[in-house]
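Peer 1: Please see the structure below; I have some questions.
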Amino acid sequence: MRMPLFTVIALGVAAVVYLAGKLFAIDYLFFAGYTVLHFVVLATAWNILGGYCGYVNFGSAGFFALGAYTTVFFHKAYPLPIPALIVLAGIVAGLVGLGTGYLTLRLRGVYFAIATLALAIVLQTLVINWNYVGGSRGAYVIRPQTAPIIGSYIEYLFLLMLLLTVLAVVVARAIERSQLGFGFATIRDDEIAAEALGVPTLRLKLIATTISGGLMGMAGAPFPYYIGYLEPSSAFGLAYAVNAIAMPMIGGTTSWIGPLVGAILLGTLQQVASVTISSAVNLLIVGILLVAFVIIAPNGLVGLVQEFLRAATPERMTWRSLGVLSVAGYGIVAGMFGVVFSLSAIAAARPALGVLALVVSVLLIASAYGLLKLQSWGLLLANASFALSIVLGVIELWFVGGVGAGIMHGGAVAIAVAAIVLLQDAGVKSLYRVPPGERRATS
Amino acid sequence: MTALLQVQGLSKRFGGFIALDEIDLSVEKGERLGLIGPNGSGKSTLVNCICGTLHNEAGSVHFDGRQIDGMVAHERTHLGLARSFQLPRPFPTLSLVDNVRIPLLYTVQARSGLLRPAGDLDDRCRDLLKMVGLDAKATRFPRDLTQVEMRKLELARAVAAEPKLLIADEAMAGLSHSEIEDILALLVRLNEQGITVILIEHIMRAVMSFSQRIVVLVSGRKIADDTPDAVVNNPEVVGAYLGQ
Amino acid sequence: MEFSADLLINAIVAGLLLGGFYAAVTVGVSIAFGILDIVNIAHPAFIILGSYIAYIVNSRLGIDPIAVSIVMLPVFYALGSAIYQVYYVSFEKRGQEALRGLAFFFGLLFVTEVMLILVFGVDYRYVEARYIGPSLHIGFVDFPLRMLVPCIVALLLFLGLELFLSRTFIGRAINAVAQDQLALRLMAADPIRIKRIAFGISIATCAIAGALLIIIQPVEPSVGREYIGRVFAICVLGGLGSLPGTLIAALLLGVVESLTSTFYGPSWAPAVAFGFLLITLAVRPAGLLGR
């Protein structure tokens, strides 16, 4: 699909999302939506340098905070409309990215990674010692009551972030399919060979660092208005450092889809977890998922899906493979949310049910992994987990009342039944009956 | 000096270990030079220094009349220097076609400043792969190649950069008799088209038949630089390398 | 702030004591990164873990934190070996250590810190021991014992490791594995096993470093992240793979930090290390005594 068409479609999807939000007209949706979207931008930006070029940036929080503090600075010195602030933040963060890159990119990737960590702390120290932007006490940024045209200010912020997301995704995809993207890939694959073949690796790396840093800064620019009170520990916080890395690595680093999937999935998960459990636990889950994925699914969810498609249906997609993909996708998403809900149940003094739910959720995630890797134990485990989930759903329906819960658990049971039925199909079973040594999904 | 490549007093150390000791080398335009020596004698290190992958501590390298010592590797490639790696270094996430496309995009196109239509590029990639007999596997990935095929890909990539000087570093290791003949014929053909070639090899038969002149490197020092017949009869060369 | 010779000399002395301690904190990374080329940015997290273990035992049973850490050495060693095994199988073997290995250690750093927050909360914890509090006075120079004792222990640890690496077979094998794995195999030593031992030692040093840390200052989970920069700054400044270089760099950093803290205020201290690092990387990446 050509880029102009893609851009139009992306804008179209954004318009649909925005209108859907207006339909429900709940402010909380806009708040939560903003959070998820700014993670999409952050994850996509990180991936341009991390996934495409193979250079890890541990200091994403620093670039994000640069954008936020640029806004704070101008808010105090000379108030500007947010779109202008976004552009300014992008420039500032981009220049800092360029500078850091220039100092360190001639060395090994490891030194760049450590330098980005250093940068984040240096920036934090500078901000803490700079009273004009609030120092360690933080800065209040009063959100205007209304926004031009739109009306509700939070809606305005949401819309801006939506447009920024489209920009980030379009930029990422354009890079991927261009000569620049090829160059980035050679840097990731074998930088020495790339240089020997004429690829100007330093220049390309600097371009990647500038774009990546700039986008991160842009994501940070509206943040002070969103949150109302900006202090260094939240702007430079742990959450941004780990999420910027975890979301693309869990989603998948080789294409623009990965960070999008990772950010939406993990962003939503964290919103739910922050409300139902503590935010510390929610960060713990992200950290554990990062380590787990890096070890067993290094190409992320998108990578798992791509490998599955390549191995199961080399020519074209069939209903069967689509079905298995849906079952596995459901397993992962339901499993992850299930973990969060079960932990909150355990915390809320319903340990027995919570533990059962936790076990089922983890089994669902594991079986989804097995299904995608075309392992025969995956099929077995999937059948068992979905059967168990039916049991769990019935118990929940029995003990927990309410229409909402009823619909949710009833729906879960129905899906589980459908999944088990699908998994009994002869064609599906044959995918998993391959003897070891023959067709193995790439390990 | 009108030599295409002029290396003077080139030295390289790794910590306390002297890898190259004041190497002098000159290669004329259109020449076919063979470079031989035992393992560890510094042949690949020399290539790395000439091409910019490593930096030499002392000495100078002139290419096509210009001093290239300060230049980064990709700049030297743009000037017309290309090499294949002794241990093949393909790009694992790119298909063979795309592997070969990289030097076309980043060297050839960069040099001329012209953008060729995509179709032209594709054709050129296929031609290059066909040249080394890999066009059947054009859309496959390096992990599907045998060691021998990877060496051929290395060569194809180096040639794709349209070099003035091509350095083939052990491109024939592991090849069968007929495959060696094919590669030799290819190198001769390239040479007839005007490309200067430095052949680094252990396969004496190939080196002897191909080279107009042979340089011998032992323990980082050049011990001979002469016609093939003279080198083969040189007692020091025989003692250090050939007569084992 | 008045400038006086007293203040200056005390600041320098404090800096040297601090620097000695920094050497202990860094020696594990010198082994892991300098010799084995493993970028274990989670190293400070294990140090904090060591601190908290010392804290628990000290507050429950009143045992001296340094004694606790010595008992914990085998546990930390085993932990290090296990982590290396996972790292090797998942990343090193497949040549993926650049991106994924880094992300792995970052994940470990993160998970460790968050788990400590969940279990212990964000309050500062400290230990009690007889030498925390009193100071040695020589002329107008103060040697607070809570800094002097850790410094001495740190230097002993450092010296011990330096001797181990240069005099014993395994120690020399560890140095060799960095340079020539093939030669090592020919000498019938398994490089993987050697690396596992080395990494185990690297993490074992965290047990002691952690105890020393909590003697010098109160600890809370995020303190680890401050040390990432210090540790790598020292490693890089000293020159990778050179233990003597690490010591010199550690002392240097300690003194500069102490001077900055005394004359400009403690809130600038974290930036010093990172500033050092960025400058070193830009100007002389091989470090002072690097290979």
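The values are calculated or read from the model by the stated rules, or taken from the named source; none is laboratory data. As the structure is a prediction and not an experimental result, all values here were calculated from the model. When we count neighbours, we look across all protein chains shown, and the Cβ atoms used for this are built from the backbone with ideal geometry, even at glycine.
Peer 1: Would you please name the residue that is surrounded by the most Cβ atoms within 10 Å (Cβ to Cβ), looking only at residues in segment C:123-176 that are assigned to a helix (DSSP H, G or I) and aromatic (Phe, Trp, Tyr)?
Peer 2: Applying the first criterion (assigned to a helix (DSSP H, G or I)) to segment C:123-176 yields C:145-167, C:169-176.
Checking the rest, the ones that are also aromatic (Phe, Trp, Tyr) come to C:158, C:164, C:169.
Working: C:158: 22, C:164: 14, C:169: 9.
Per the stated criteria, the residue is C:158.
Peer 1: While we're on this one: Only residues that are modelled with pLDDT under 90 and in contact with a helix residue (DSSP H, G or I) (Cβ under 6 Å, 6 or more places away or on another chain): list them for segment A:298-323, please.
Peer 2: Within segment A:298-323, A:298, A:308, A:312, A:313, A:320, A:321, A:323 meet the criteria.
Peer 1: Taking the criterion of being away from every other protein chain (no Cβ under 14 Å) and assigned to a strand (DSSP E or B), would at least one residue in segment B:66-88 satisfy it?
Peer 2: Yes - at least one qualifying residue is present in segment B:66-88.
Peer 1: Oh, and also: Which of the residues belonging to segment A:275-290 are within 14 Å of chain C (Cβ to nearest Cβ) and in a helix (DSSP H, G or I)?
Peer 2: Residues of segment A:275-290 that are within 14 Å of chain C (Cβ to nearest Cβ), as a first pass: A:277-290.
Residues satisfying the conditions are A:279, A:280, A:281, A:282, A:283, A:284, A:285, A:286, A:287, A:288, A:289, A:290.
Peer 1: Do any helices (runs of 4 or more DSSP H) lying entirely in segment C:221-286 carry at least 2 residues that are within 14 Å of the chain's Cα centre (by Cα) and within 9 Å of chain A (Cβ to nearest Cβ), and which ones are they?
Peer 2: Values: elements: C:223-238, C:243-264, C:269-283.
Helices (runs of 4 or more DSSP H) meeting the threshold: C:223-238.
Peer 1: Another question, then. Mind telling me which of the residues A:263, A:246 ends up being surrounded by 24 or more Cβ atoms within 10 Å (Cβ to Cβ), in a helix (DSSP H, G or I), within 9 Å of chain C (Cβ to nearest Cβ) and in contact (Cβ under 8 Å) with a residue 24 or more places away in the chain?
Peer 2: Details: A:263 fails: within 9 Å of chain C (Cβ to nearest Cβ).
Criteria check complete, one pass: A:246.
Peer 1: May I ask you to verify whether residue A:257 is over 27 Å from residue C:119 (Cα atoms), surrounded by fewer than 23 Cβ atoms within 10 Å (Cβ to Cβ) and either touching a strand residue (DSSP E or B) at 6+ places or on another chain (Cβ under 8 Å) or at pLDDT 90 or above (or both)? Quick ask: steps written out before the conclusion?
Peer 2: Details: over 27 Å from residue C:119 (Cα atoms): yes; surrounded by fewer than 23 Cβ atoms within 10 Å (Cβ to Cβ): yes; either touching a strand residue (DSSP E or B) at 6+ places or on another chain (Cβ under 8 Å) or at pLDDT 90 or above (or both): yes.
Taking the combined requirement at face value, the residue satisfies it.
Peer 1: What residue, among those in segment B:98-137 that are outside any helix (DSSP H, G or I) and surrounded by fewer than 18 Cβ atoms within 10 Å (Cβ to Cβ), is farthest from the other protein chains (Cβ to nearest Cβ)? Working first, answer last.
Peer 2: Of all residues in segment B:98-137, those outside any helix (DSSP H, G or I) come to B:113-117, B:132-134.
Filter again for surrounded by fewer than 18 Cβ atoms within 10 Å (Cβ to Cβ), leaving B:113-117, B:133.
Numbers: B:113: 14, B:114: 14, B:115: 9, B:116: 12, B:117: 14, B:133: 21 Å.
Going through the qualifying residues, I end up with B:133.
Residues checked against (1) more than 22 Å from residue A:432 (Cα to Cα); (2) assigned to a helix (DSSP H, G or I); (3) not acidic (Asp, Glu):
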{"residue": "A:324", "(1), (2), (3)": "no, yes, yes"}
{"residue": "A:345", "(1), (2), (3)": "yes, yes, yes"}
{"residue": "A:352", "(1), (2), (3)": "yes, yes, yes"}
{"residue": "A:379", "(1), (2), (3)": "no, yes, yes"}
{"residue": "A:391", "(1), (2), (3)": "yes, yes, yes"}
{"residue": "A:401", "(1), (2), (3)": "yes, no, yes"}
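Peer 1: Can you name every one of the helices (runs of 4 or more DSSP H) wholly within segment A:146-215 that holds 1 or more residues which are more than 10 Å from chain B (Cβ to nearest Cβ), touching a residue at least 12 places away in the same chain (Cβ under 8 Å) and surrounded by 24 or more Cβ atoms within 10 Å (Cβ to Cβ)? Outline the logic, then answer.
Peer 2: Details: elements: A:153-176, A:179-189, A:191-196.
Because the criterion is at least 1 residues that are more than 10 Å from chain B (Cβ to nearest Cβ), touching a residue at least 12 places away in the same chain (Cβ under 8 Å) and surrounded by 24 or more Cβ atoms within 10 Å (Cβ to Cβ), the helices (runs of 4 or more DSSP H) in segment A:146-215 that meet it are A:153-176, A:179-189.
Peer 1: Taking segment C:87-138 only, how many residues are under 22 Å from the mean Cα position of the chain (by Cα), more than 14 Å from every other protein chain (Cβ to nearest Cβ) and of a type in the set (Val, Ile, Thr)?
Peer 2: 2
Peer 1: A follow-up question, please. Please specify each residue of segment B:197-206 satisfying the condition of being part of a helix (DSSP H, G or I) and closer than 15 Å to residue B:185 by Cβ. First the steps, then the outcome.
Peer 2: So the first thing to find is which residues in segment B:197-206 are part of a helix (DSSP H, G or I), and the list is B:204-206.
Those that are part of a helix (DSSP H, G or I) and closer than 15 Å to residue B:185 by Cβ: B:205, B:206.
Peer 1: Turning to a different aspect of this structure: Please indicate, with yes or no, whether at least one residue in segment C:193-205 is in a helix (DSSP H, G or I), closer than 22 Å to residue C:57 by Cα and not hydroxyl-bearing (Ser, Thr, Tyr).
Peer 2: Taking segment C:193-205 and keeping what is in a helix (DSSP H, G or I), we get C:193-205.
If we keep only those that are closer than 22 Å to residue C:57 by Cα as well, we get C:203-205.
When the remaining residues are screened for being not hydroxyl-bearing (Ser, Thr, Tyr), the result is C:203-204.
Within segment C:193-205, one or more residues are in a helix (DSSP H, G or I), closer than 22 Å to residue C:57 by Cα and not hydroxyl-bearing (Ser, Thr, Tyr).
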